[in-house]
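Participant: Questions regarding the structure given below will be posed in turn.
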Amino acid sequence: MTPQPRHPMIRHRRQPQIGATLIDVAIGSMMLSLLLIPSMKWIGHSQSLNQRLEDRDAILFEAEELIETLKVKLSDPTSFADAYNRSIDEIIKVSSNGTKTYLARYQVDPDKTLPKTPLLTIQVTVWFDADRDAVLDSNETSESLQTQWAAP
């Protein structure tokens with residue numbers, strides 16, 4: 001008998017594994033939760049910042065709208081003359097889209113720095129009156145705008 005040729009031992013290479021093992025998934029989810037759990041407190045903080053920005057935007061819109069309304073009123077020569085001869089200082093309630101009510105103080109004063117040109121200074125302050133005392137407090141959200149208006 002003839003000896004049979006020896007076949008060299010065939011080694012099979014393992015194919016690289018595609019995907020993740022269960023341990024990889026568990027470790028990944030644990031690491032992700034360690035990162036995300038502390039960031040949950042930032043969600044509440046972000047929501048409060050967003051609400052403050054929306055409030056300021058609504059207050060600023062109301063202030064601009066009030067200034068435009070006053071300018072339309074003062075376009076009448078009689079109204080302008082009355083305001084030029086007597087300063088106006090009033091507080092009124094304004095509502096933003098019917099959701100929130102703000103207080104607005106508007107002041108109309110004559111500016112007599114230019115003697116031949118009648119000019120009015122219009123100043124508007126709108127705020128959310130949290131304590132409902134009709135006084136702007138330092139902790140209340142507010143916006144102030146000022147403009148000037150010449151005689152029609």
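Participant: For the pair Thr121 and Asn50, what calculated FRET efficiency results from E = 1/(1 + (r/R0)^6), where r is the Cβ-Cβ distance and R0 = 41 Å, to the nearest 0.05?
Facilitator: 0.75
Participant: Calculate the spin-label point distance for Val135 paired with Ser95, positioning each point 7 Å from the Cα along the beta-carbon direction, and give it in nanometres.
Facilitator: Modelled inter-label distance: 2.8 nm.
Participant: Something else about it: What spacing in nm lies between the two simple spin-label points modelled at Ile88 and Asp76, each 7 Å away from Cα in the Cβ direction?
Facilitator: In this crude label model, Ile88 to Asp76 measures out at 1.0 nm.
Participant: Here's something else I'd like to know. Cut-off is 10 Å between beta-carbons; in what order do Ser138, Ser33 appear when sorted fewest neighbours first?
Facilitator: Listing Ser138, Ser33 from fewest to most nearby Cβ atoms yields Ser138, Ser33.
Participant: What's the exposure ranking of Glu143, Glu68, going from fewest to most Cβ atoms within 10 Å?
Facilitator: By the 10 Å Cβ count, ascending: Glu68, Glu143.
Participant: Using a Gaussian network for the chain with springs between C-alpha atoms less than 10 Å apart, which of these wobbles most: Ile18, Ile27, Ile92?
Facilitator: Ile18
Participant: Treat the count of other C-beta atoms within 10 Å as a stand-in for reagent exposure and order Ile88, Ile23 from fewest to most.
Facilitator: Ascending Cβ contact count within 10 Å gives the list Ile23, Ile88.
Participant: Okay, moving on. May I ask for log10 I(q)/I(0) of the chain at q = 0.11, 0.16, 0.17, 0.18 Å⁻¹, from a Debye sum over the Cα atoms as equal point scatterers with solvent left out?
Facilitator: At q = 0.11, 0.16, 0.17, 0.18 Å⁻¹ the computed log10 ratios are -0.65, -0.95, -1.01, -1.07.
Participant: Further, regarding this structure: Count neighbours as other Cβ atoms within 10 Å of each site's Cβ, and list the trypsin sites (Lys or Arg not before Pro) in the stretch 19-88 that are DSSP loop with at most 10 such neighbours.
Facilitator: Of the trypsin sites (Lys or Arg not before Pro), the ones in loops of the stretch 19-88 whose Cβ has at most 10 other Cβ atoms within 10 Å are Arg86.
Participant: Tell me the net charge near Arg105. Cut-off is 9 Å between Cβ atoms, Arg105 excluded, with +1 for each Lys or Arg and -1 for each Asp or Glu.
Facilitator: Residues close to Arg105 contribute a combined charge of -2.
Participant: With each pseudo-label sitting 7 Å past Cα toward Cβ, what's the Glu68-Leu35 distance in nm, one decimal?
Facilitator: The modelled label-to-label distance comes out at 4.6 nm.
Values quoted throughout were computed directly from the atomic coordinates according to the rules given, and no laboratory measurement underlies them. Just so we're clear, the structure is a prediction, and the values are computed from it rather than from any experiment. When we count neighbours, we look across all protein chains shown, and the Cβ atoms used for this are built from the backbone with ideal geometry, even at glycine.
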